[in-house]
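Take a look at the structure below.
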Amino acid sequence: MLDTLFNPKGVAVIGASGKELHIGNRVIKNLLDFGYQGGIYPINPKADEIRGIKAYKSILDVPGQVDVAHMVIPAKFVPMAVEDCGKKGVKHIIINSGGFSETGPEGAEIERVFLEKAKAYGIRIFGPNCQGIINSDPAVRAYCNFTFTFPDAGHISIVALSGGVAEVIHQGFSAMDVGTRIYASNGNACDISIPEIIQYLADDDGTRVIVTYVEGLKDPMGFFEAARQATKQKPVLAMKAGRTMEGAKAAASHTGGLAREDLATDLIFKKAGIVDFRDEGHLINAAVAFGSQPVPRGNRVGIITNTGGPAVIATDILVDAGLTLPPLSGKTKAMLTEKLYPEASISNPVDVLATGTAEHYLVCLEAMMADDSFDCILVHFVTPFFVDTEKIATAIAQVNQQQIKPMVCNLMTDRRQWAGTEAILKEGGVPCFALPSDAARALGALVRYRNILDRPPGRVRTFGDVDTAGARTVFVKANGRSMLAADQVYEILEAYGIDVPEWRMADDIDGAIAAAEAIGYPVVVKADAASVVHKSDMGGVAVNLADADAVKNAARKMKEQIDAADLRFFVQQFVPGGREVILGAKAEPGVGHLVMFGLGGIFVEVLKDVVFNLTPVTDAEAREMVDGIRTSALLDGVRGEKPVDKTALVDLIQRLSKLVTDFPQIRELDLNPVMAFEKGAVAVDARIAL
Ligand code: ADP
Ligand code: MG
């Protein structure tokens, strides 16, 4: 569908201008200079020719086929022009002009009107208020864009709403002499969307890696679905900015307070299998490596260098990124001992010395490529004047072109004096980085992608023992309440097979005693009223009550302290000695729910040691959550403490995920704490807000 947008046979420019500094001129210049292979049709009622090309008064006068029409005219003329394009049979319109929904309701109305017309003719709109597209495919060379970066043909495709950032990324590649495949920046994106373009790029054989930048997601689920499909086909690298607007939120529950404002986007990235970045420089460098290198099979890196320090810097970064530096195999060691200088350091990193020759680099590279101990290679290469650096570069490029294992190169040189050496590497497709850390990080990103590919696929469990209908009747009864009463909450948890201690609800003190007798001592008594949120803060929790007297005293005290007409007593079996953990969920409009897990008590309060995921949480993701908190070791038991039942927690997370998925009206849900034992886990406190 987007094929004709990116491979147009003819491009018209409506609003073509003879003025050098006008977009309607620049687009024509760009098409010409970039060597566009199709027909170019300037449309201008007053000009006969623009930039030496015959101009037409109306698009309807154009003799040839027009697949793409640029519009560089004031907003108010756009609807009429769209109508003409419809009559002409134009398939796509790139609207460079602004003055639409980005300016307010009036502009939004124009956008609505032209979009309606476009739909009637089956025209797809790109933009408005956008740059446009570029396709560097030698058979197309479409530069339907007014920017100024002319890419070589390449394998990296860029898609972003923000023209500014898309262009920064594009220039980043260009500065490294790395080509681009397709470039698309669609501004307001009123019709053709980022997810749709990602889908197109996923299917585009010439695109080896997709790079995108987002500030906020217009259609989070659409983006998620497209990205999830795309990441199965090729790497998708993304950056999200605007993360400091988080702002602490006053929320009734922990889950609400702990979830950062833009967390959902991060979670969407993660769940979709995107390799995410927080720094555009790192993103650019990684994309360069992805654009030319195969995916590593694992995380074991071999380093070759002719200078010591840079390899040390890189090693730190690599290890932080989760890579390992295994020793050389016996065979590699023997081979290098025979071939390298006697003073060379024959371990990992291998130091061939500054005097190391092309033969030395070659033998090292070939040995490491063949050595099963390594999944990827980092080459440090400084260019001393006393060796034939072009010959070394040729050796590196030659091995790289075999594409056996991914390789990146930290080239340390004076680019002006050693331009020939650099050119050999780049023409050989070797990703070259001036800084050791940049090379290491790019390699780290490749390994990150490997880890994503290796993630267990995961399955959303279905539960035979879940009573959705039973829970629904409780929700129906609770209709109108924003915070459910304790008995309602616990009935819902029980319907979803979530373990809770035996409990009873009592209207008065005598009722509380009767409830305690029925449950059996020791018990806990808790105050329940609409106005009571944090019970213990208000004296509303009394634990470990051993007999009827204790229950009576506790209940009486609560009655004195808490001034609430609807006060009732929630009596519950006392279950001491567990490890307290917290589980929660929070509705995320347009996405579903965030689900949270962490250690309870001070770990939540002080360390904020919690992890999140998005519904529906799969079994693999639930497991990853339980293992993913920083204090996870505490769950396994330290210094003689008993481990807790992680399997029960994994089960609990999935049941919680199912509950909030089935009942989207749940705004926030907190299980705080859940007591985790060596066998089993029970929720002793629960809150549900609608
Ligand atoms: P709130 O969070 O509203 O203050 P909780 O119901 O969480 O009240 O109770 C406060 C604390 O009391 C819990 O964090 C837990 O340590 C303890 N507690 C509550 N119920 C039980 C129970 N049934 N068994 C053991 N300890 C409990
Ligand atoms: Mg609590």
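Details
- Placing unit charges on the Cβ atoms of the charged side chains and taking the dipole of the chain about its Cα centre, the candidate lying farthest along the positive direction among TRP503, GLY302, ALA118 is ALA118.
- Cα-only radius of gyration and Dmax that characterise segment 290-345, units Å: 13.4, 37
- Taking the longest Cα principal axis of the chain as reference, the axis of helix 436-453 is set at about 60 degrees.
- What segment 149-292 shows is 34 Å² of accessible area per residue, with the surface traced by a 1.4 Å probe over protein heavy atoms.
- Cα-centre dipole for segment 469-593 with unit charges at Cβ (Lys and Arg positive, Asp and Glu negative), debye to 20: 280 debye
- Per-bin percent of Cα-Cα distances, segment 44-110 [5 Å]: 4, 15, 23, 24, 18, 9, 6, 1, 0
- Separation between Cα centres of segment 554-602 and segment 338-380, rounded to whole Å: 61 Å
- The packing ranking of peptides 490-503, 368-381, highest mean first, is 368-381, 490-503, where packing means the average number of other beta carbon atoms within 10 angstrom of each residue.
- Farthest toward positive dipole pole in the chain [+1 Lys/Arg, -1 Asp/Glu at C-beta], among ILE424, THR357, ILE50: ILE50
- Cα gyration tensor, segment 579-689 - rounded (a/c under 1.5), prolate or oblate: prolate
- Apolar share of the accessible surface for segment 475-597: 46 percent from carbon plus sulfur atoms, 1.4 Å probe.
- Only lysines eight or more places from LYS557 in sequence, or on another chain, were considered; those with a Cα closer than 17 Å are LYS526, LYS535.
- With the charge dipole of segment 603-662 set up from +1 on Lys and Arg Cβ and -1 on Asp and Glu Cβ about the Cα centre, the Cα lying farthest toward the positive end among the listed residues ILE629, PRO616, VAL660 is that of ILE629.
- Length gained on full extension, TYR521 to GLU49: 160.4 nm, using 0.36 nm per residue less the C-alpha separation.
- Remark: for residue pairs LYS270/LYS642; LYS232/LYS608; LYS19/LYS88; LYS333/LYS405; LYS270/LYS586, the C-alpha separation exceeds 23 Å in LYS270/LYS642; LYS232/LYS608; LYS19/LYS88.
- Gyration tensor (alpha-carbon) shape descriptor, the chain, a/c threshold 1.5: oblate
- Mean separation of Cα contacts under 8 Å, 6 or more apart, over the residue count of the chain: relative contact order %: 8 percent
- Relative contact order (%) - segment 579-689, alpha-carbon pairs under 8 angstrom, separation at least six: 32 percent
- Segment 451-484: trypsin sites (Lys or Arg not before Pro) in DSSP loop, at most 12 other beta carbons within 10 Å: ARG459
- Listed residues HIS22, HIS534 arranged by accessible area, highest first, probe 1.4 Å: HIS534, HIS22
- Computed from Cα atoms, the angle from the helix 619-628 axis to the main principal axis of the chain rounds to 80 degrees.
- Magnitude of the charge dipole, the chain, Cβ model with Lys/Arg +1 and Asp/Glu -1, debye to 20: 1300 debye
The values are calculated or read from the model by the stated rules, or taken from the named source; none is laboratory data. All values derive from a computational prediction rather than experimental measurement. Methodologically, a virtual Cβ is constructed for each residue, glycine included, from the backbone with ideal geometry; neighbour enumeration extends over all protein chains shown. Surface accessibility is based on the protein's heavy atoms, side chains included, excluding ligands, DNA and RNA. Shrake-Rupley method; radii C 1.70, N 1.55, O 1.52, S 1.80 Å.
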